Each structure stands twice: as C-alpha cells, then as structure tokens.
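The values are calculated or read from the model by the stated rules, or taken from the named source; none is laboratory data. Everything quoted here is computed from the prediction, not taken from an experiment. Here the Cβ is made from the backbone with ideal geometry for all residues, glycine too, and neighbour counts use every protein chain on show. Protein only, heavy atoms only, side chains kept; ligands, DNA and RNA dropped before computing areas. Shrake-Rupley method; radii C 1.70, N 1.55, O 1.52, S 1.80 Å.
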Amino acid sequence: NARKTNKEEQICEGTVTSVVAEGWLYKKGSGNDLIGSKSFKPRWARLVFLNLFPVEGRPDHEGTVPVLQVYWHQYASIPSSSIRLDGASFQTINKPTSKSWNPYRFGIVGACGKVLRTFSASKEERDQWVNALNVVKAGYEAQVLKAKVEQERQRRKAELPPTPRSMRKPAQIKLRTFSPPRKPTQV
C-alpha cells in the first residue's frame, strides 16, 4: 500500500448506526498521492456513528464512536478515509483577505494537537459542519462519561462489605390486630 495515512486517520471498520450529516466539502490534499497534490478537491463527506468491529489487542477499537467518512464521490460504497472524532477538536479558519476562492475553512485537530485534515465550504455550510461536529462530539463525550461513572459506581458497590443486618433498612411490618382469646365455655 503506497498511500501513507496518519495513525488517527484510517479506514475504520464497522457498521454505521446513524448518519448525522452528509454533503459536499472541499478537502485539502495531503500531498501523499501520486502527484503530491495539496490542492482542494471536492469530496463527499458523512458524519456518522460507527459501531466498530472488535480488533484483538486493541481496546480502543470497540464500541460506537463518531467518525467523519470521506468518499471520492457521493455514490462510492467505501470511504477513501475515515477520521475518528473521539479526542479531536475543530478549528475554524477565516482567510477573507485571501484572493482564494475558498476563504472559509475548518480543520480537524487530533488528540496529538496536529491538524489532521482541512476542509473548505461556504461560510454557512462550514459553520453548519463545525456545529454538527461539536454537537456530536459533546454528546459522545457525555455518553462516555456517563458510562464511566456507572462503571465506577458498580465497582464501588462490589467492593463494599455486606451491610450487617442490624444496619439494614427495617422491613415494613404489617400490624395485625388481635382479639383477646375467648374463655372456653364449660359444658
């Protein structure tokens, strides 16, 4: 495989559970293709939740994660690249003084702090994409935090010694009324 990829940009294998957004973006070339082009190229992009196929020895490759899939065209069945968005941040870039046809850009910054990919669109579309990316990431992070809190709660519950009977919550007792015993009658 002659194509170089970033560790954080890879073909993620799994099942798409939901598509959040999709549309055309201009992707800045990485310079890793045959002619070393770094120009912007039109690409079809999909923001999805991907249920990853488990990979032995890779605990980071399980569960459902947000992914930006980039395709050569709208009808392609396999993405040319996929960027996992857990741990990523998004950076808007304005170059309005530039004589460039695409002054409104956004970058996906990996957990390492490096810009993984730069995309361009109209100002309105760029803002919609960045908003969708931030909303999806925030929802994903809240879900992960909730799962960690629940896991910690279960761990602590398992570590606690059993509560002595005397300290347990008293059981609800039903009071029954008794009538005094009858005196036996003599015959």
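Brief remarks on what is shown
- Residue under evaluation Leu68, criteria (1) more than 17 Å from Gly139 (Cα to Cα); (2) within 14 Å of the chain's Cα centre (by Cα); (3) open to solvent by less than 70 Å² (accessible area, probe 1.4 Å), criterion not met: (1)
- The one condition in (1) among the basic types (Lys, Arg); (2) within 17 Å of the chain's Cα centre (by Cα); (3) over 16 Å from Val16 (Cβ atoms) that Arg46 fails to fulfil: (3)
- Residue in region 79-90 that is farther than 18 Å from Leu133 by Cα and either free of Cβ contacts under 8 Å to residues at least 40 places away in the same chain or not in a loop (DSSP other than H, G, I, E, B) (or both) present: yes
- Subset of region 134-162 (residues that are hydrophobic (A, V, I, L, M, F, W, C), surrounded by 10 or more Cβ atoms within 10 Å (Cβ to Cβ) and over 30 Å from Ala121 (Cβ atoms)): Leu145, Ala147, Val149
- Here Phe90 meets each of (1) open to solvent by less than 40 Å² (accessible area, probe 1.4 Å); (2) more than 23 Å from Lys38 (Cβ to Cβ); (3) touching a Gly at 6+ places or on another chain (Cβ under 9 Å) with one exception, condition (2).
- The lone exception for Gly110 - which of (1) open to solvent by less than 10 Å² (accessible area, probe 1.4 Å); (2) in contact with a Ser or Thr (Cβ under 8 Å, 6 or more places away or on another chain) it fails: (2)
- When residues of region 113-133 are limited to those that are surrounded by 15 or more Cβ atoms within 10 Å (Cβ to Cβ) and basic (Lys, Arg), the one nearest to Leu68 (Cα to Cα): Arg117
- Within region 91-141, the residues that satisfy the criterion of being of a type in the set (Gly, Ala, Ser) and outside any helix (DSSP H, G or I) are Ser98, Ser100, Gly107, Gly110, Ala111, Gly113, Ser120, Ala121, Ser122.
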